[in-house]
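Engineer: Can you read through this structure? Questions will come right after.
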Amino acid sequence: MNKIKIESLLTLVNKKKIAQNFGNAFFYMGGTVVQFLISIFTLPIYSRYLSPVDFAILGYYTAINAFFFPLFDLSMSSYYLANYYSPRTTNKNEELSYAVNILNVSNILIGVIGFFVVAAYFKTFDVQFPLYPYAIIVLLYLFFNKYRTLYLIDARIQKKGLYYFLVSASAVVFNATFSIFFVVELKAGAAGRLGGQLVSQFLIAGIVLFVWLRSKRFSFRLTFNRTKLADSFRFAWPLVLAGYSYYPIGNIDKIFLERLHNLNEFGFYNVGLIVSSYVGVFF
């Protein structure tokens, strides 16, 4: 009889966990749904106020963003996730602080080097697009991106679906709000569209830092344990290389198409890619 009661209790607990997981799944999907709905509304606005050349610039710098992303991320999100569940980990907050702090330092170094690499490439191959302010905006965007990424991973680990949704949806709303303001009101073109994305990332990074510092989940640090440093880079470098193996599939086309010197057609091509990405999100 007692065995039956225990099994019934375990079944009930499992049902509650299942219900919680389904509830969180809706929250995890909610940000994507919000992004899809807002995108349907904003694309006609961008199409009206941005020229084909603006769309060409956006597509090209999206490819540059994707090129530098593996170096800016250094797979620290995966490293944090792996160590969070490791039995050797005694202080999970320390793991979060390490991931953020090592990226703060490495992002500054990679950002500075990356800017000069992009500038040299533009000069060597006579790229038609301007370097300023787009390259700086993209690199700053990548710098602030880690806060949102790590927070969303942390929220999923702790099954905080509502917080996940609030941050992911807020990023989408901020992005649309500031982008439309810069593009429509300030007539800033492609720089306004990228600037809206940057402001959104900056605001989300500020919110995330405030939450982490208030809950004492994160502390700034500039010194690192050598053993920990070596371990994290041993973990990261194969994943970084794997990330670059996907680059030709999704982005190399934009690098090649710029060489055709037909910016209008390149712009229409990127509009098509944007529409197809929305369809992909829907499915």
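The values are calculated or read from the model by the stated rules, or taken from the named source; none is laboratory data. For clarity, every value in this text was computed on a predicted model and none was experimentally measured. Reconstructed Cβ throughout: ideal geometry from the backbone, glycine too, with neighbour counts over all protein chains shown.
Engineer: Keeping to the range 209-218, report how many residues are assigned to a helix (DSSP H, G or I) and free of Cβ contacts under 8 Å to residues at least 24 places away in the same chain.
Structural biologist: Total satisfying the criteria: 3.
Engineer: Determine which member of the set Ser200, Ser179, Ser215 is closer than 30 Å to Tyr85 by Cα and hydroxyl-bearing (Ser, Thr, Tyr).
Structural biologist: Exactly one of Ser200, Ser179, Ser215 is closer than 30 Å to Tyr85 by Cα and hydroxyl-bearing (Ser, Thr, Tyr), namely Ser215.
Engineer: For the range 219-283, please list each of the helices (runs of 4 or more DSSP H) lying entirely inside it that holds at least 1 residues being among the small types (Gly, Ala, Ser) and more than 26 Å from Ile108 (Cβ to Cβ).
Structural biologist: Once the helices (runs of 4 or more DSSP H) in the range 219-283 are filtered for at least 1 residues that are among the small types (Gly, Ala, Ser) and more than 26 Å from Ile108 (Cβ to Cβ), what remains is 226-245, 247-250, 263-282.
Engineer: Further question: In the range 91-132, how many are closer than 20 Å to Leu150 by Cβ and either touching a Phe, Trp or Tyr at 6+ places or on another chain (Cβ under 7 Å) or of a type outside the set (D, E, K, R) (or both)?
Structural biologist: Qualifying residue count, the range 91-132: 20.
Engineer: What are the residues in the range 68-127 that are free of Cβ contacts under 8 Å to residues at least 60 places away in the same chain and β-branched (Val, Ile, Thr), if any?
Structural biologist: Matches in the range 68-127: Thr89, Thr90, Ile108, Ile110, Val112, Ile113, Val117, Val118, Thr124.
Engineer: Of the conditions (1) touching a residue at least 40 places away in the same chain (Cβ under 8 Å); (2) within 19 Å of Gly59 (Cα to Cα), Ala188 satisfies every one except a single condition; which number is it?
Structural biologist: That leaves (1) as the condition not met.
Engineer: Considering (1) under 30 Å from Asn83 (Cα atoms); (2) surrounded by fewer than 12 Cβ atoms within 10 Å (Cβ to Cβ), say which one Phe233 fails and leave the rest.
Structural biologist: Of the numbered conditions (1) under 30 Å from Asn83 (Cα atoms); (2) surrounded by fewer than 12 Cβ atoms within 10 Å (Cβ to Cβ), the odd one out for Phe233 is (2).
Engineer: Does Val118 satisfy the condition of being at pLDDT below 95 and β-branched (Val, Ile, Thr)?
Structural biologist: no
Engineer: Among (1) out of contact with any helix residue (DSSP H, G or I) (no Cβ under 6 Å at 6 or more places or on another chain); (2) surrounded by 13 or more Cβ atoms within 10 Å (Cβ to Cβ); (3) among the polar types (S, T, N, Q), which single condition is Asn175 missing?
Structural biologist: That leaves (1) as the condition not met.
Engineer: Just give me the residues in the range 127-146 being within 28 Å of Asn262 (Cα to Cα), in a helix (DSSP H, G or I) and of a type in the set (Phe, Trp, Tyr), in sequence order.
Structural biologist: Tyr134, Tyr141
Engineer: I've got another one for you. Out of all the residues in the range 51-58, is one or more at pLDDT 85 or above, closer than 23 Å to Gly250 by Cβ, among the β-branched types (Val, Ile, Thr) and touching a Leu at 6+ places or on another chain (Cβ under 8 Å)?
Structural biologist: Yes, there is a match, as at least one residue in the range 51-58 is at pLDDT 85 or above, closer than 23 Å to Gly250 by Cβ, among the β-branched types (Val, Ile, Thr) and touching a Leu at 6+ places or on another chain (Cβ under 8 Å).
Engineer: If you check Ser168 against the conditions, is it surrounded by 16 or more Cβ atoms within 10 Å (Cβ to Cβ) and modelled with pLDDT under 95?
Structural biologist: For Ser168, the condition - surrounded by 16 or more Cβ atoms within 10 Å (Cβ to Cβ) and modelled with pLDDT under 95 - is met.
Engineer: While we're looking at this one, here's another question. Looking at the structure I just gave you, is Phe67 crowded, with 16+ Cβ neighbours inside 10 Å and assigned to a loop (DSSP other than H, G, I, E, B)?
Structural biologist: no
Engineer: Being out of contact with any strand residue (DSSP E or B) (no Cβ under 9 Å at 6 or more places or on another chain) and touching a residue at least 60 places away in the same chain (Cβ under 8 Å) narrows it down to one residue among Gly196, Gly206, Gly161; which is it?
Structural biologist: Gly161
Engineer: Continuing with the same structure: Among the residues of the range 245-279, which ones are closer than 28 Å to Leu103 by Cβ and exposed (fewer than 14 other Cβ atoms within 10 Å of the Cβ)?
Structural biologist: Ser245, Tyr246, Pro248, Ile249, Gly250, Ile252, Ser277
Engineer: For residues in the range 147-165 being among the basic types (Lys, Arg) and in a helix (DSSP H, G or I), which is surrounded by the most Cβ atoms within 10 Å (Cβ to Cβ)?
Structural biologist: Arg148
Engineer: Another question, if that's okay. Report, by residue number, each residue of the range 71-125 that is buried (at least 20 other Cβ atoms within 10 Å of the Cβ) and not in a helix (DSSP H, G or I).
Structural biologist: Leu74, Ser75
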